[in-house]
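Asks: Sharing a structure here in structure tokens format.
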Amino acid sequence: MKKSASAFFPFHNKSAVAVALTFMVMAIMYGSWIARLPDIKLQLGLSEGEIGFALIGLAAGSLIATPLSVYVLNFFGTGRSVFLATLAVCAVFTLPALAVNALTLFLLLSLVGMCDGILNISMNAAATALEKHDKINILSTCHGMFSVGLVIGPATSGWVSQTGFSFFWHIVIVAALMIIFAFLLRPHVLPVPESDTEKSGLTFPSKAIIGLGVICLCFNVCEGAIADWSGIYLRESIGSSAFIGGLGLAIFSVGMSIGRFGGDKIRALLRPGKILLIGGIVSVIGLCIVTFLSVEIAVLVGFFIAGLGLSVSVPVLFSLSTQTPGVKANVGLASVATFSMVGFMSGPPLIGFIAEASDLHYGFAFTAFLAATGVVLILLRRI
């Protein structure tokens, strides 16, 4: 098994720190918005199905981001792509607050998904380029910083929502702060080494890459579903307060953070297949607790356990995608990152449609089924 020179995050590497903090910026923007989804639902008078339809826009936009990200990285370079995409994400996340119905919310979220997808691929390209160039392990910690952002964003948003503060001005203030932070990170983001770019353009992914992508999609549908529906599930199905509703995603993200901050060390000690298998089984257990124990404290514990289980799946799968024989690193990464983003963005609308037809409990039961499917695929592929 190939090991990096260091199993711990290199805090002396300013570019690595800047890229990790950019993951956090993206998550704070996403978490600040998604934690107030119940308020948007109420404000626009939308049903679960209409929310599900609007959230398809995120998945649609992320699909558009795949071909665009290749050209963005080639044209601007890795560091500049990360910086510009960060600014774009901060700006477009203010737009859904202007929606007047499900259709306008869908269109605005398509733009959000596109910018989010480009930033997602650019950030991961920067992290893997640094790993290769500087012989370090940082990808899991970078995703851990994303989870930290998903603690900060929803927790603060839950409190702000409870005060009755305007959603529009809330998200505008958060975006302005994150843009200022992005400019502070800029001097250390721009020097990031160039990723392994594919000048010839897009390449259809190999069967090996598609297999990794499908596993990633299964797990990320679960992550996306928890991100978007945990608040509504706690507030409407469990009867929790607005604060506890926002806390659900925050607690899930705490579990994700703990797993991911230890993930770089784990990657240096265990083979990828074993990490994915253990994590998948733990995530199934957590999602079953969320589904079948309809008690507030049990649901929160279930979200935490699910977060632990899902925490290292994406970093491990992204790393594997850059090491697949016969596939250029950036092509493998862009392909698996697309499956990842589509799973993260398509999970919420799928759960919305299931909830519209039956109940949110069945929606979360579906996520447990998908996590179990991911475990089976890992065993079949013998990663």
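Asks: In the list Ser340, Ser358, Ser335, which residue meets the criterion of being among the small types (Gly, Ala, Ser) and out of contact with any helix residue (DSSP H, G or I) (no Cβ under 6 Å at 6 or more places or on another chain)?
Replies: Numbers: Ser340 fails: out of contact with any helix residue (DSSP H, G or I) (no Cβ under 6 Å at 6 or more places or on another chain); Ser335 fails: out of contact with any helix residue (DSSP H, G or I) (no Cβ under 6 Å at 6 or more places or on another chain).
Result of the check over Ser340, Ser358, Ser335: Ser358.
Asks: Hey, does region 165-180 have a residue that's of a type in the set (Ser, Thr, Tyr), part of a helix (DSSP H, G or I) and either without any contact (Cβ under 8 Å) to a residue 60 or more places away in the chain or more than 22 Å from Ala65 (Cα to Cα) (or both)? Before the answer, list the steps.
Replies: First, pick out the residues of region 165-180 that are of a type in the set (Ser, Thr, Tyr): 166.
Keeping just the survivors that are part of a helix (DSSP H, G or I) gives none.
Checking region 165-180: not a single residue is of a type in the set (Ser, Thr, Tyr), part of a helix (DSSP H, G or I) and either without any contact (Cβ under 8 Å) to a residue 60 or more places away in the chain or more than 22 Å from Ala65 (Cα to Cα) (or both).
Asks: Would a scan of region 109-117 turn up a residue that is in contact with a Pro (Cβ under 8 Å, 6 or more places away or on another chain) and either among the aromatic types (Phe, Trp, Tyr) or modelled with pLDDT of 90 or more (or both)?
Replies: Yes, region 109-117 has at least one match.
Asks: Next up: Of the residues Leu202, Leu190, which is surrounded by fewer than 18 Cβ atoms within 10 Å (Cβ to Cβ) and modelled with pLDDT of 80 or more?
Replies: Leu190
Asks: So which of Leu21, Leu42 is of a type outside the set (D, E, K, R), farther than 16 Å from Ile138 by Cβ and surrounded by fewer than 23 Cβ atoms within 10 Å (Cβ to Cβ)?
Replies: Going through Leu21, Leu42 in turn, the sole match is Leu42.
Asks: If you scan region 30-44, which residues turn out to be in contact (Cβ under 8 Å) with a residue 60 or more places away in the chain and in a helix (DSSP H, G or I)?
Replies: Once the filter is applied, which keeps residues that are in contact (Cβ under 8 Å) with a residue 60 or more places away in the chain and in a helix (DSSP H, G or I), region 30-44 yields Tyr30, Gly31, Ser32, Trp33, Ile34, Leu37, Pro38, Asp39, Ile40, Lys41, Gln43, Leu44.
Asks: Could you list, in sequence order, all residues of region 130-144 that are under 17 Å from Val312 (Cβ atoms) and among the acidic types (Asp, Glu)?
Replies: Glu131
Asks: So for region 330-352 (the condition being surrounded by fewer than 21 Cβ atoms within 10 Å (Cβ to Cβ) and assigned to a helix (DSSP H, G or I)), does at least one residue qualify?
Replies: First, pick out the residues of region 330-352 that are surrounded by fewer than 21 Cβ atoms within 10 Å (Cβ to Cβ): none.
No - not one qualifying residue is present in region 330-352.
Asks: Okay, moving on. Which one is surrounded by the most Cβ atoms within 10 Å (Cβ to Cβ) among residues in region 160-173 that are of a type in the set (S, T, N, Q) and touching a helix residue (DSSP H, G or I) at 6+ places or on another chain (Cβ under 8 Å)?
Replies: In this case the residue turns out to be Ser161.
Asks: Based on this model, can you work out whether Phe292 counts as closer than 26 Å to Met145 by Cβ and either out of contact with any helix residue (DSSP H, G or I) (no Cβ under 8 Å at 6 or more places or on another chain) or of a type in the set (Phe, Trp, Tyr) (or both)? Walk me through how you get there before you give the answer.
Replies: Values: closer than 26 Å to Met145 by Cβ: no; either out of contact with any helix residue (DSSP H, G or I) (no Cβ under 8 Å at 6 or more places or on another chain) or of a type in the set (Phe, Trp, Tyr) (or both): yes.
Answer is no for this residue.
Asks: Another question, if that's okay. Provide a single number: the residues in region 29-43 that are closer than 15 Å to Thr86 by Cβ and over 20 Å from the mean Cα position of the chain (by Cα).
Replies: Residues that pass the stated criteria total 0.
Asks: Quick check, is Ala357 over 15 Å from Ile209 (Cβ atoms), at pLDDT below 80 and among the small types (Gly, Ala, Ser)?
Replies: When the stated conditions are applied, Ala357 passes them.
Asks: Residues that are more than 21 Å from the chain's Cα centre (by Cα), modelled with pLDDT of 90 or more and β-branched (Val, Ile, Thr): which helices (runs of 4 or more DSSP H) entirely in region 238-310 hold 1 or more of them?
Replies: Where helices (runs of 4 or more DSSP H) fall fully within region 238-310 and carry at least 1 residues being more than 21 Å from the chain's Cα centre (by Cα), modelled with pLDDT of 90 or more and β-branched (Val, Ile, Thr), they are 272-292, 296-310.
Asks: Next question, about the same structure. Within the bounds of region 363-374, is there any residue that is more than 16 Å from Gly224 (Cα to Cα) and free of Cβ contacts under 8 Å to residues at least 40 places away in the same chain?
Replies: Within region 363-374, none of the residues are more than 16 Å from Gly224 (Cα to Cα) and free of Cβ contacts under 8 Å to residues at least 40 places away in the same chain.
Asks: Something else: So Asp359 fits all but one of (1) farther than 20 Å from Gly113 by Cβ; (2) surrounded by fewer than 24 Cβ atoms within 10 Å (Cβ to Cβ); (3) touching a Gly at 6+ places or on another chain (Cβ under 8 Å); (4) in contact (Cβ under 8 Å) with a residue 60 or more places away in the chain; what number is the exception?
Replies: All conditions pass for Asp359, except number (3).
The values are calculated or read from the model by the stated rules, or taken from the named source; none is laboratory data. Keep in mind that this is a model prediction, so the values were computed, not measured. So basically every Cβ, Gly included, is an ideal-geometry build from the backbone, and we count neighbours across all protein chains shown.
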